[in-house]
There are 2 protein chains.
Amino acid sequence: MTRRTGRRPGNPDTREAILTAARAAFADRGFDATTIRSVAASAGVDPALVHHYFGSKDKLFLAAMQAPLDPGELVPRILAGDPEGVGERLVRAFLGVWDSPAGTAGVALLRTAVTTEWAARLLREFLVTQVLRRIQEHLPGDRRQLPLRGSLAASQLLGLVMMRYVIRLEPVASATPQALVAAVGPTVQRYLTGDLAGVFDDPAGAVAHR
Amino acid sequence: MTRRTGRRPGNPDTREAILTAARAAFADRGFDATTIRSVAASAGVDPALVHHYFGSKDKLFLAAMQAPLDPGELVPRILAGDPEGVGERLVRAFLGVWDSPAGTAGVALLRTAVTTEWAARLLREFLVTQVLRRIQEHLPGDRRQLPLRGSLAASQLLGLVMMRYVIRLEPVASATPQALVAAVGPTVQRYLTGDLAGVFDDPAGAVAHR
């Protein structure tokens, strides 16, 4: 056993070294191309120690992002049930998270992502691999349309967060969750499952690119 | 004539002193409570000089914000014509601005507003007094509903900007303006003029507050 892997599992320096290496790897190479083995190598620890601390690559990524919640637990719960109610359920759960203490951590995360390119890359990877992919797994419809549908829904939800919690524009900042669910739920529903005439004009279902 | 008001109108130091005083005043007291006279006093110049440099309080505010465009010119053009097409026209014009060089300045403005409280206050004042008020003046419908309707539309447009130009989430980042107008236009239309059942449950048209 080398000195490095012999460190106590609870060593905060080791934990922090793994998170720093993970943050760099996820931002540089993206979530899919990053392995626990490569993060361990660049942190100078045994891969078993990374597994021991964080459990899985998903959990390591959430810890590296300092994500205040795990979409892997939340998203399947929201998407279970009637697909026609998914917009309202998503907005309601989303506001519940952002109105809670986790929302404060979320605002901090968002501020960093807006001003720092590597943090923006991490947020992008987070949205795609932890949130949108999971939403897409549970939705009906043409698979090829789902990436644009998911990112349109994400644009409305992010805009709501910006106006309510960051810019704090009234009356959105003080409106009840019920009023916002009634206003924004149908938007998210249409983006995810509704008729988007004129958006997918390519017969292959692909969105036209600039 | 005092030494101060005797400065050449083109003096960049004087101009910058006025803008600094204006920025502080608009952020501290808001747009409506700020006067050209009070800005001139705190910059130590004659009010006539502020008029001479900037023309009006609106123009002074836009210069203080470093706003890349004047909504006072853009918004009335977009809102003229069929109210049922206002959503698509607004999204099309909005993407036109953000896809242009003005968009780069806009992203810089947004980054500052997300990380600095006084800049967030300026952006809020900008949205309310320069954009939303003008939109509300041109829209049909119950006046009491318009502030929430306008801020919902602003939330979708800001979210689109965030995803397309700041976070750069695909496929929204590369989608054609046409596809995004077809996707997001109906959302903005519904927020501004459509049926928002369940949002205004108060008979007075007020939105419930937290």
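The values are calculated or read from the model by the stated rules, or taken from the named source; none is laboratory data. Quick caveat, the model's predicted, so the values are computed rather than measured. Here the Cβ positions follow ideal geometry from the backbone for every residue, glycine too, while neighbour counts run over all protein chains shown. Side chains are part of the model used for accessible areas, which takes the heavy atoms of the whole protein and leaves out ligands, DNA and RNA. Shrake-Rupley method; radii C 1.70, N 1.55, O 1.52, S 1.80 Å.
Scanning segment B:137-148 finds one or more residues that are of a type outside the set (Lys, Arg), free of Cβ contacts under 8 Å to residues at least 40 places away in the same chain, within 13 Å of chain A (Cβ to nearest Cβ) and under 30 Å from B:Asp201 (Cβ atoms). Pairs linking a residue in segment B:118-133 that is within 11 Å of chain A (Cβ to nearest Cβ) to a residue that is open to solvent by less than 20 Å² (accessible area, probe 1.4 Å) and small (Gly, Ala, Ser), with Cβ atoms under 6 Å and 6 or more positions apart or on different chains, are B:Ala119/B:Ala113; B:Ala120/B:Ala113; B:Arg121/B:Ala27; B:Leu122/B:Ala27; B:Leu123/B:Ala113; B:Glu125/B:Gly30; B:Leu127/B:Ala154; B:Leu132/B:Gly150. Residues in segment A:104-149 that are open to solvent by 20 Å² or more (accessible area, probe 1.4 Å), within 28 Å of A:Asp82 (Cα to Cα) and among the β-branched types (Val, Ile, Thr): 2 in all. So is A:Arg89 modelled with pLDDT of 90 or more, out of contact with any strand residue (DSSP E or B) (no Cβ under 8 Å at 6 or more places or on another chain), assigned by TED's automatic domain parsing to the domain that holds A:Leu158 and basic (Lys, Arg) or not? Criteria met by A:Arg89.
The criterion of being at the interface with another protein chain (Cβ under 7 Å from one of its Cβ atoms), open to solvent by 20 Å² or more (accessible area, probe 1.4 Å) and either in a helix (DSSP H, G or I) or small (Gly, Ala, Ser) (or both) does not hold for B:Leu152. Check whether at least one residue in segment B:66-78 is open to solvent by less than 50 Å² (accessible area, probe 1.4 Å), within 23 Å of the chain's Cα centre (by Cα) and β-branched (Val, Ile, Thr), and report yes or no. Yes: segment B:66-78 contains one or more residues that are open to solvent by less than 50 Å² (accessible area, probe 1.4 Å), within 23 Å of the chain's Cα centre (by Cα) and β-branched (Val, Ile, Thr).
Within segment B:49-81, restricting attention to residues that are out of contact with any His (no Cβ under 8 Å at 6 or more places or on another chain) and among the small types (Gly, Ala, Ser), which residue is nearest to B:Glu137 (Cα to Cα)? The selected residue is B:Gly72.
For (1) of a type in the set (A, V, I, L, M, F, W, C); (2) at pLDDT 95 or above; (3) under 21 Å from A:Trp118 (Cα atoms); (4) surrounded by 13 or more Cβ atoms within 10 Å (Cβ to Cβ), each residue gets a yes or a no:
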position: A:Pro12; (1), (2), (3), (4): no, no, no, no
position: A:Arg23; (1), (2), (3), (4): no, no, yes, yes
position: A:Gly30; (1), (2), (3), (4): no, no, yes, yes
position: A:Ile36; (1), (2), (3), (4): yes, yes, yes, yes
position: A:Ala40; (1), (2), (3), (4): yes, yes, yes, yes
position: A:Ala43; (1), (2), (3), (4): yes, yes, yes, yes
position: A:Pro47; (1), (2), (3), (4): no, yes, no, yes
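Take A:Ser174 and tell me if it is within 17 Å of the chain's Cα centre (by Cα) and facing chain B (nearest Cβ under 8 Å). Here the answer is no, as A:Ser174 does not meet what is asked.
Taken over segment A:163-178, the criterion of being in contact with a helix residue (DSSP H, G or I) (Cβ under 6 Å, 6 or more places away or on another chain) and closer than 14 Å to A:Val97 by Cα is satisfied by A:Tyr165, A:Pro177.
Remark: pairs (first residue in segment B:27-53, closer than 21 Å to B:Arg121 by Cα; second residue of a type in the set (Asp, Glu); Cβ separation under 6 Å; 6+ apart in sequence or on different chains) = B:Gly30/B:Glu125; B:Phe31/B:Glu125.
Can you name every residue in segment B:165-185 that is closer than 15 Å to A:Thr115 by Cα and open to solvent by less than 20 Å² (accessible area, probe 1.4 Å)? Residues satisfying the conditions are B:Val166, B:Ile167.
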